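The values are calculated or read from the model by the stated rules, or taken from the named source; none is laboratory data. Here the structure is a predicted model, which means the values were calculated and not measured. A quick note on method: Cβ atoms are made from the backbone with ideal geometry, for glycine too, and the neighbour counts reach across all protein chains shown.
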Amino acid sequence: GNSVTQMEGPVTLSEEAFLTINCTYTATGYPSLFWYVQYPGEGLQLLLKATKADDKGSNKGFEATYRKETTSFHLEKGSVQVSDSAVYFCALPGSSNTGKLIFGQGTTLQVKP
Amino acid sequence: GAVVSQHPSWVICKSGTSVKIECRSLDFQATTMFWYRQFPKQSLMLMATSNEGSKATYEQGVEKDKFLINHASLTLSTLTVTSAHPEDSSFYICSAPPSGSWAEQYFGPGTRLTVT
């Protein structure tokens, strides 16, 4: 079935540093791919998505490109801020068309001023 | 964007009692909702799929008699933790895809349950 693997955290960066969080997936076909963000004590929010191969999702300065050759969907941001401190989850739909989402293990990002 | 609410946002209950958590889609209809459980510093674990007008579908290892799910309308699903024990303490999150689209889901803010 579909699965996703994220780099382990935590990731600690200084403000304005470059961020990369790796995500690779295994899937049947080319499903949509998602990045969700969870701020402390809150639920998940959709950060960005890509619905087909070679698409680039972007939002709030974050970007991720759907690369079918490397089965990856790495999250990047050129200059992180303290307010970006959160847990980031890579996700994709489950194998069957049931609406289920498969989440990576989550990567905690801490940005220091 | 679409909004999903949960109530309560946090609850403390005594061991042996039952607790009901509500999940509402505020500006769209959801024939399906999902209930997740999240332990500290861990990923989300899907517990069950809530289906409007029919029985919920539970993931393997989730006790359906302990975690009762009711999806009474197109905008409301409830999760009742029955005879709660301290090990049920967790963060419970629901999500809902807008009807007709699996490509995106909207998550509630979560409910923190603490069983003493």
### A:Gly104 under 30 Å from B:Cys23 (Cα atoms), buried (at least 20 other Cβ atoms within 10 Å of the Cβ) and in contact with a strand residue (DSSP E or B) (Cβ under 9 Å, 6 or more places away or on another chain)
yes
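Yes or no, residue by residue, for (1) out of contact with any Phe, Trp or Tyr (no Cβ under 8 Å at 6 or more places or on another chain); (2) in a strand (DSSP E or B):
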{"position": "A:Glu42", "(1), (2)": "yes, no"}
{"position": "A:Glu63", "(1), (2)": "yes, yes"}
{"position": "A:Glu69", "(1), (2)": "yes, no"}
{"position": "A:Leu92", "(1), (2)": "no, yes"}
## Note on the structure
Of those in the range B:55-69 that are touching a residue at least 12 places away in the same chain (Cβ under 8 Å) and surrounded by fewer than 18 Cβ atoms within 10 Å (Cβ to Cβ), the residue farthest from B:Lys20 (Cα to Cα) is B:Glu59
### Query
Can you tell me which of B:Gln105, B:Gln6 is surrounded by 17 or more Cβ atoms within 10 Å (Cβ to Cβ), out of contact with any helix residue (DSSP H, G or I) (no Cβ under 8 Å at 6 or more places or on another chain) and modelled with pLDDT under 95?
B:Gln105
### Residue list for the range A:42-72, filter: within 8 Å of chain B (Cβ to nearest Cβ) and over 10 Å from the mean Cα position of the chain (by Cα)
A:Glu42, A:Gly43, A:Leu44, A:Gln45, A:Thr51
### Task
Name the residue, out of B:Thr32, B:Thr57, that is within 14 Å of another protein chain (Cβ to nearest Cβ), among the β-branched types (Val, Ile, Thr) and in contact with a Gly (Cβ under 9 Å, 6 or more places away or on another chain).
B:Thr32
### Query
Would you pick out the residues in the range A:82-104 that are at pLDDT 90 or above and closer than 19 Å to A:Leu46 by Cβ?
A:Ser83, A:Asp84, A:Ser85, A:Ala86, A:Val87, A:Tyr88, A:Phe89, A:Cys90, A:Ala91, A:Leu92, A:Phe103, A:Gly104
### Message
Can you pull out every residue in the range A:90-101 that is more than 10 Å from every other protein chain (Cβ to nearest Cβ), surrounded by fewer than 17 Cβ atoms within 10 Å (Cβ to Cβ) and touching a strand residue (DSSP E or B) at 6+ places or on another chain (Cβ under 9 Å)?
### Response
A:Ser95
